[in-house]
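K.L.:
Following this message is one structure expressed as structure tokens.
Please treat every number below as a calculation from the coordinates, not as lab data. This structure is a prediction, so every number in the text was calculated from the model and none was measured. Ideal geometry is used to build each Cβ from the backbone, glycine not excepted, and the neighbour counts take in all protein chains shown.
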Amino acid sequence: MPKDFLRDAKDAYDVVVIGSGLAGLTAANTLARNGHSVLLLEQHYKLGGLATWFRRPGGHIFDVSLHGFPAGMIKSCRRYWNSQIADSIVQLKHIRFDNPMFSLSTTFDRRDFTRHLVERFGVARKTVDEFFDTARAMTHLGDQSMTAGELFERFFPGREDVVRLLMEPITYANGSTLEDPALTYGIVFSNFMSKGVYTFAGGTDKLIGMMDAELRRNGVDVRIRCRAEKIHVERGRVAAVTAAGRRIGCRAVVSNGNLKGTIFDLVGQACFDPRFIEEAQAVRLNNSSTQVYMALKPDVRLDEAECGDLLFTSTAPVFRTDLLLNRQVTSRTYSFYYPKTRPERNRSLIVSSTNARYEDWAGLGRADYQESKRRLVETTLDAVEKYVPKIREKIDATDCATPLTFERYTSHWAGSSFGTKFEGLAVSRRLPREIAGLYHAGSVGIIMSGWLGAVNYGVIVSNDVDAFLLD
Amino acid sequence: MTGAEIKEAVVEILSDIAPDEDCTNLKEDVAFRDQLELDSMDFLDIVMELRKRYRVQIPEEDYPQLASMASTVAYLEPLMKDMEK
Ligand SMILES: Cc1cc2nc3c(=O)[nH]c(=O)nc-3n(C[C@H](O)[C@H](O)[C@H](O)COP(=O)(O)OP(=O)(O)OC[C@H]3O[C@@H](n4cnc5c(N)ncnc54)[C@H](O)[C@@H]3O)c2cc1C
């Protein structure tokens, strides 16, 4: 008989949280701390969602989405998790760019970007200050008609090099393009610019382990390998969730799964107003990613001064957001992990990430898919050669992930790496007005994605759920 | 609770949210935002703490009422006047 992963679960909870991405984890923790009984269901065999890692023989551990997040994560972890988690967050001080237009190093904060823009790019200081102030003043309630491209045109007309410096990292961070609303750019950019880029010392496995322990301390019933199959709605209210063949009663559901998956797969469109369904259908998913993972032999050391922590590279002569999605990859972001990431293991690793389109990978036959993966690894090794000479002699193991990999592990429609485009936020926020007790907390709207966005959105939604449960 | 007691309760919450700042000498009519380094998550925390500690429900459309000490106390007075401290 298969193992019962819901063994000894209660028949009903105040809240069922579906999915253990950072937003789901944070929502479960916040609600439990506020005194509610919480069941957390995760379909995968480990917690974390896209905040994940995997092991390969030889003592290597690869982090999938630990490339960098804004300083705000320290405060959010301290407040919504605990101070041990917050205290493990450290700054990445060596961010590099290398492309046909420029090659430079930065600490990735407002002061250092200003220095580069004034001294290297020859932009007037006043313009730079005004640009930063404008970006910082943006909120999600502001003007949505101006695009990021128009914002740049206003401050730096015709300056493709400046646009590349300011936009390329954000495009990597959340898939946004020059055609997306300027405010999504402004909010995310300002988050990073406030104090630079940070990482979690000890790796993703350590972070998720600490979060798991905190959840249990706060009384959350945590269940892995449990896929929620259905959210039951009765008389316009959430009534129960079916998982592992069992119906579990609840007053509220927080779905951390994909927004469209929540509406169309878990609830079903018949439960919603047709106008809402139209809007939900129109929500555009964000792009997916490919990654190549390279583990170096135990005795090989990377040249930290040459590689840096995070390296944005491109061989494309100009910056165009559609080029970043092209399967003929010209742009790659490398994360270099030194032994300091996990000191007890003493390993060095490189992860190369690119934005990618699901359609380019989904239609391939088995043989073509394998061949495409092999080519992705080989062309990446060729490209890394410039920064790590003789890379092929230095590696112990390689692996790669495609949009299909992301889809398989997270059930995200189209393997979406960063949720939805901006319009997804309003649809996500409207769910409880359509069905009482139904909430979504997970990457949406560009601004509510990434590690910090997901954690904060988990709190924002928990506040609504808490108010609902108290009524 | 009296206005003075409500104010004391708000100062206590603010001090927990911004532990590195002195929240005891805030100017009544000046926005919190102009005296303390508060972001939108901090304001959300004020709302959550008021609910947790005093069971007061503040709908989202009323959040702007929490801009300064004077407006916050004025807004909370009718909701909290029957509470014991
Ligand atoms: C390649 C890559 C690199 C990235 N790099 C960074 C970075 O450097 N910095 C940064 O800040 N962000 C990065 N991100 C983005 C960041 O990882 C995500 O935005 C964030 O982790 C998403 O969290 P989430 O809560 O929205 O949920 P997700 O992580 O998407 O998790 C959703 C969870 O729900 C579960 N689930 C779905 N359906 C069900 C169901 N029916 N039943 C049970 N469980 C279900 C899934 O299994 C999954 O665990 C990266 C993303 C990718 C793909």
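K.L.:
Per residue and in Å³, how big is the convex hull formed by the alpha-carbon atoms of segment A:1-147? The partial results should precede the final answer.
P.N.:
On the way: hull volume 36.1 nm³, N = 147.
It comes to 245 Å³ per residue, whole-number rounded.
K.L.:
Which FRET efficiency value, to the nearest 0.05, do you get for B:K81 and A:S105 by plugging their Cβ-Cβ distance into 1/(1 + (r/R0)^6) with R0 = 60 Å?
P.N.:
0.50
K.L.:
Okay, next question. Please report the equivalent ellipsoid semi-axes of the protein assembly as shown, computed as sqrt(5 x eigenvalue) of the Cα gyration tensor, largest first, in whole Å.
P.N.:
Calculated on Cα positions only, the semi-axes equal 38, 30, 23 Å.
K.L.:
Right, here's the next one. Neighbour counts of other C-beta atoms within 10 Å: give me A:D303, A:D221 arranged from fewest to most. Each step should come with its number before you reach the end.
P.N.:
On the way: A:D303 11, A:D221 19.
Placing the least packed residue first, the sequence is A:D303, A:D221.
K.L.:
Which whole-Hz ³J(HN,Hα) couplings does segment A:425-439 yield from phi under the Karplus relation 6.51 cos²θ - 1.76 cosθ + 1.60, θ = phi - 60°, glycine and proline marked x?
P.N.:
5, 5, 5, 4, 5, 7, 3, x, 7, 7, 9, 4, x, 9, 10
K.L.:
Let me ask something else about it. Using Cβ counts within 10 Å as a stand-in for footprinting exposure, how do A:E385, A:E234 rank, fewest first? Walk me through the numbers on the way to the answer.
P.N.:
Values: A:E385 12, A:E234 9.
Lowest count first: A:E234, A:E385.
K.L.:
Let me ask something else. If you plug each phi of segment A:212-217 into the Karplus form 6.51 cos²θ - 1.76 cosθ + 1.60 with θ = phi - 60°, what whole-Hz ³J(HN,Hα) values come out, in order, with x for Gly and Pro?
P.N.:
These are the phi-based 3J(HN,Hα) values: 4, 4, 5, 4, 5, 4 Hz.
K.L.:
Angle between the Cα long axis of helix B:40-54 and the longest principal axis of chain B, 0 to 90 degrees, nearest 10?
P.N.:
On a 0 to 90 degree scale, this one is about 30.
K.L.:
Could you list the residues of segment A:263-298 with an amide nitrogen less than 14 Å from a label point located 7 Å from the Cα of A:K390 in the Cα-to-C-beta direction?
P.N.:
A:297
K.L.:
Sorted from fewest to most neighbouring beta carbons within 10 Å, what does the list A:V163, A:V118 look like?
P.N.:
Going from sparsest to densest Cβ surroundings: A:V118, A:V163.
K.L.:
Also, I was wondering about something else. Could you name the lysines in cross-link range of B:K27, using Cα to Cα under 18 Å and dropping any fewer than eight places away on the same chain?
P.N.:
B:K7
K.L.:
Here's another thing I want to ask about it. Count, for each residue of A:78-85, the Cβ atoms from other chains sitting within 10 Å of its Cβ, then give me the mean as a whole number.
P.N.:
Taking the mean over all residues of the peptide, I get 1.
K.L.:
Can I ask one more? Among the trypsin sites (Lys or Arg not before Pro) in segment A:1-48, which ones are in a DSSP loop with at most 12 other Cβ atoms within 10 Å of the Cβ? Mind listing them?
P.N.:
Passing both the DSSP loop test and the Cβ count: A:K3, A:R7, A:K10.
K.L.:
What is the spin-label model distance, in nm, from A:E229 to A:Q144 if the labels are put 7 Å beyond Cα along the C-beta direction?
P.N.:
Result for the modelled spin labels: 3.7 nm.
K.L.:
Ok, one more. What does the charge add up to near A:F276, with Lys and Arg as +1, Asp and Glu as -1, over the other residues with Cβ less than 11 Å from its Cβ?
P.N.:
Surrounding charge for A:F276 is -1.
K.L.:
Sorted from largest down, what three extents in whole angstroms do the Cα atoms of chain B have along their principal axes?
P.N.:
Result for chain B: principal-axis Cα extents of 32, 25, 21 Å.
K.L.:
So which lysines can A:K3 reach, going by Cα to Cα under 29 Å and dropping same-chain residues fewer than 8 places off?
P.N.:
Output for A:K3: A:K46, A:K206, A:K230.
K.L.:
Further question: In nm, give the distance between the simple-model label positions of A:A367 and A:F5, each being 7 Å from the Cα along the Cα-to-Cβ direction.
P.N.:
It works out to 3.6 nm between the two label points.
K.L.:
Taking Rh as the Kirkwood radius, which is the inverse of the mean 1/r over Cα pairs, what is the Rg/Rh value for segment A:109-194?
P.N.:
0.92
K.L.:
A further question on this structure: Once both axes come from the Cα atoms, what is the angle between helix A:110-119 and the longest principal axis of chain A, in degrees from 0 to 90, rounded to 10?
P.N.:
In chain A, helix A:110-119 runs at an angle near 30 degrees to the longest axis.
K.L.:
Another question, then. In terms of Cα to Cα distance under 26 Å, which lysines are near enough to A:K394, apart from those fewer than 8 places away along the same chain?
P.N.:
A:K93, A:K297, A:K340, A:K373, A:K386
K.L.:
A:E153 versus A:V118, label points 7 Å from Cα toward the beta carbon: distance in nm?
P.N.:
For the pair A:E153/A:V118, the computed spacing is 2.9 nm.
K.L.:
Under 12 Å from the Cβ of A:P181, count the other residues' Cβ atoms, weight Lys and Arg +1, Asp and Glu -1, and hand me the total.
P.N.:
Result for the neighbourhood of A:P181: -4.
K.L.:
I've got another one for you. Which of the trypsin sites (Lys or Arg not before Pro) found in segment B:1-69 are in a DSSP loop and have at most 12 neighbouring Cβ atoms, other than their own, within 10 Å?
P.N.:
Counting only loop positions with at most 12 other Cβ atoms within 10 Å, the trypsin sites (Lys or Arg not before Pro) in segment B:1-69 are B:K27, B:R55.
K.L.:
For the Cα atoms of chain B, what angle does the longest principal axis make with the long axis of helix B:3-17, in degrees from 0 to 90, nearest 10?
P.N.:
The angle comes out near 50 degrees.
K.L.:
Next up: Please give the Cα centre distance for segment B:21-85 versus segment A:432-471, rounded to the nearest Å.
P.N.:
So the two Cα centres are separated by 21 Å.
K.L.:
Size of the dipole of segment B:3-80 about the Cα centre, Lys and Arg at +1 and Asp and Glu at -1 on the beta carbon, nothing else charged, in debye to 20?
P.N.:
That gives segment B:3-80 a dipole magnitude of about 340 debye.
K.L.:
I'd like the Karplus ³J(HN,Hα) series for segment A:358-363: coefficients 6.51, -1.76, 1.60, θ = phi - 60°, whole numbers in Hz, and an x wherever there's a Gly or Pro.
P.N.:
After applying 6.51 cos²θ - 1.76 cosθ + 1.60, I find 4, 4, 5, 10, 5, x Hz.
K.L.:
For every other residue with a beta carbon closer than 14 angstrom to the beta carbon of A:K297, add +1 if it is Lys or Arg and -1 if Asp or Glu, then tell me the sum. Working shown, then result.
P.N.:
Working: positive: A:R56, A:R301, A:R345, A:R347, A:K390, A:R392, A:K394; negative: A:D299, A:E393, A:D396.
In short, +4.
K.L.:
Rounded to the nearest 500, what is the protein assembly as shown's calculated 222 nm mean residue ellipticity when only DSSP H runs of at least 4 contribute -39500 (n - 2.57) each, over all residues?
P.N.:
Result for the protein assembly as shown, helices only: -12500 deg cm²/dmol.
K.L.:
Then there's this: So which trypsin sites (Lys or Arg not before Pro) in segment A:370-471 end up in coil per DSSP with only 12 or fewer other C-beta atoms within 10 Å?
P.N.:
A:K386, A:K390
K.L.:
Moving to a separate point now. For chain A, give the magnitude of the charge dipole about the Cα centre (Cβ charges: +1 Lys/Arg, -1 Asp/Glu; no others), in debye to the nearest 20.
P.N.:
The dipole magnitude comes to about 1000 debye.
K.L.:
Expressed as a whole number of Å, what is the distance separating the alpha-carbon centroids of segment A:204-231 and segment A:129-177?
P.N.:
Segment A:129-177 and segment A:204-231 have Cα centres separated by 37 Å.
K.L.:
At R0 = 51 Å, how high is the FRET efficiency between A:R301 and B:E28 if r is their beta carbon distance? Nearest 0.05 is fine.
P.N.:
With R0 = 51 Å, the Cβ-Cβ based efficiency is 0.30.
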